[in-house]
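See below for the structure under consideration.
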Amino acid sequence: MAFDGSLANQLLIAMPGMADPNFNSTVTLICEHNDEGALGIVINRPLTLKLGGLFEQLDLTDPDPETAKDPVLLGGPVGPERGFVLHGTEQTYENSIAVSEDIRLTLSRDVLDAMANGAGPNKTLVALGYAGWEPGQLETEMLANSWLSVPASTDIVFDTPFSERWSRAAQILGIDISQISPDAGHA
């Protein structure tokens with residue numbers, strides 16, 4: 001069976017009134033979506049943890065001081081002990097997947113080692129945990145109007161302030177998401 005309805009490289013924008021607190025007011029980059037399910041990284045939930053703290057946990061000594069100040073994000077409720085790095089494509093690492101022509105997702109430690117040494121990718125986003133969907137689950141949620149989707153942009157993924165990503169992603173569709181009622185209705 002061919003799977004051609006992939007939402008990979010799309011930003012999922014949680015609709016107002018999203019019942020699941022893990023996703024209320026979130027923007028999630030879908031990194032993989034196929035007939036086995038979907039994997040995404042929430043890109044607008046910074047933790048109090050900074051990269052310096054993560055480097056310390058990984059016993060990376062004398063990390064690059066500028067990189068150490070960068071925030072770590074809560075990438076989703078699944079596997080919060082696992083690290084994920086979204087980054088540009090100028091370098092390749094051991095365990096990376098192409099999300100788009102401009103964005104890679106790396107799950108191996110070599111990217112963090114490079115970042116700690118000040119030799120990592122120019123644009124990065126480090127997250128703990130991910131959002132996962134079983135086969136057909138994301139499609140069902142889309143049909144239930146739980147999410148809006150727009151093509152991913154490196155500007156929103158890497159450069160837009162975290163607090164603006166939800167509204168800025170919706171603006172791509174010409175929507176002021178703050179004006180949408182959280183109460184879903186059916187005609």
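At a glance:
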item: Those residues of region 137-156 which are small (Gly, Ala, Ser) and open to solvent by less than 60 Å² (accessible area, probe 1.4 Å), in sequence order; result: Ser146, Ser149, Ala152, Ser153
item: Pairs where the first residue, in region 39-60, is without any contact (Cβ under 8 Å) to a residue 60 or more places away in the chain and the second is of a type outside the set (Gly, Ala, Ser) and assigned to a loop (DSSP other than H, G, I, E, B), C-beta under 9 Å, 6+ apart; result: Lys50/Lys69; Lys50/Asp70; Gly52/Pro63; Gly52/Lys69; Gly52/Asp70; Glu56/Pro63; Leu58/Arg109; Leu60/Asn117
item: Search result, residues across region 70-87 that are open to solvent by less than 10 Å² (accessible area, probe 1.4 Å) and either of a type in the set (Phe, Trp, Tyr) or under 14 Å from Leu54 (Cβ atoms) (or both); result: Val72, Leu73, Gly75, Phe84, Val85
item: Hits in region 100-126 - residues which are basic (Lys, Arg) and under 16 Å from Leu58 (Cα atoms); result: Arg109
item: Of residues in region 104-117 being open to solvent by 50 Å² or more (accessible area, probe 1.4 Å) and touching a Pro at 6+ places or on another chain (Cβ under 9 Å), the one farthest from Thr67 (Cα to Cα); result: Arg104
item: Residue in region 88-103 that is surrounded by the fewest Cβ atoms within 10 Å (Cβ to Cβ), counting only those that are closer than 11 Å to Thr154 by Cα and not β-branched (Val, Ile, Thr); result: Glu101
item: In region 65-87, the residues that are of a type in the set (Asp, Glu) and over 27 Å from Ser153 (Cβ atoms); result: Glu81
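Table: residues versus (1) more than 27 Å from Asp35 (Cβ to Cβ); (2) out of contact with any Lys or Arg (no Cβ under 7 Å at 6 or more places or on another chain); (3) open to solvent by 50 Å² or more (accessible area, probe 1.4 Å).
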| position | (1), (2), (3) |
| --- | --- |
| Gly129 | no, no, no |
| Phe158 | yes, no, no |
| Ser163 | yes, yes, yes |
| Arg168 | yes, yes, yes |
| Gln171 | yes, yes, yes |
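The values are calculated or read from the model by the stated rules, or taken from the named source; none is laboratory data. A quick note: this is a predicted structure, and the numbers were derived from the prediction, not measured. Neighbour counts run over all protein chains shown; Cβ positions are idealised from the backbone, glycine included. Accessible surface is based on the protein model in full, side chains and every heavy atom, while ligands, DNA and RNA are left aside. Shrake-Rupley method; radii C 1.70, N 1.55, O 1.52, S 1.80 Å.
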